[in-house]
1. From Ala88, Ala97, Ala52, which residue is in contact with a helix residue (DSSP H, G or I) (Cβ under 6 Å, 6 or more places away or on another chain) and among the small types (Gly, Ala, Ser)?
2. What residue, of Val59, Val87, Val125, is assigned to a strand (DSSP E or B) and more than 17 Å from Gln42 (Cα to Cα)?
3. Could you check, for segment 58-81, whether at least one of its residues is of a type in the set (A, V, I, L, M, F, W, C) and more than 23 Å from Asn38 (Cα to Cα)?
4. Go through segment 62-84 residue by residue and tally those that are within 12 Å of the ligand (Cβ to nearest atom), aliphatic (A, V, I, L, M) and not in a strand (DSSP E or B).
5. Of everything in segment 128-157, what is away from the ligand (no atom under 14 Å from the Cβ), in a loop (DSSP other than H, G, I, E, B) and surrounded by fewer than 20 Cβ atoms within 10 Å (Cβ to Cβ)? Give them in sequence order.
6. Name every residue in segment 96-140 that is touching a residue at least 60 places away in the same chain (Cβ under 8 Å) and within 12 Å of His63 (Cβ to Cβ), in order of residue number.
7. Looking only at segment 103-119, decide whether some residue is out of contact with any strand residue (DSSP E or B) (no Cβ under 6 Å at 6 or more places or on another chain), within 15 Å of the ligand (Cβ to nearest atom) and among the β-branched types (Val, Ile, Thr).
8. Could you tell me whether segment 56-63 includes any residue that is modelled with pLDDT under 95 and among the charged types (D, E, K, R)?
Amino acid sequence: MRLSHHVCVLVFATGSLLPAMAQQPPAASDCSMSIQANDAMQFDVKTVSVPATCERFAVTLRHIGRLPKNVMGHNWVLTTTADYKEVASQSTKAGPAKDYIDASDARIIAHTSMIGGGETSAVEVDVAKLRQGVEYTYFCTYPAHSAIMRGTLVLQK
Ligand code: CO
């Protein structure tokens, strides 16, 4: 009687500890991403899933091409997919002096700097601004680049 009671307690304790331990590693290691852009107007990552456990999501953009920012500039700009076409259009109007970013545009959730070949720029996304079930699009606001330089981002469930 006494022995079987002991076994029951041990099984219960182990069962309650395992799920918490299994959830820890992904949250610690997946709150960042690297993305490359090249002289052919391409991002090397097309879809991103942000773990809901992250408070901040760090994005590092590397321009691995050789062309300067005034002819092949790239940035990484995040909006909802519903907003991205209009924001891309507004950003073009902001012009090269503002690196094609309208700083007053509240639809922009996060953005890196505009960079040329060999340069790197990073930004942290405030994950509290993302909603599950909403699709986000990241793109480059250099004129005409967003037609092919874009990808989608979601908040993981
Ligand atoms: Co670009």
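1. Only one candidate passes the filter, namely Ala88.
2. Val125
3. no
4. Number of matching residues: 3.
5. Listed by number, the residues that qualify are Arg131, Gln132, Gly133, Val134, Glu135, Gln156, Lys157.
6. Gly117, Thr120, Ser121, Cys140
7. no
8. No.
The values are calculated or read from the model by the stated rules, or taken from the named source; none is laboratory data. None of the values given here were measured: they were computed from a predicted structure. So basically every Cβ, Gly included, is an ideal-geometry build from the backbone, and we count neighbours across all protein chains shown.
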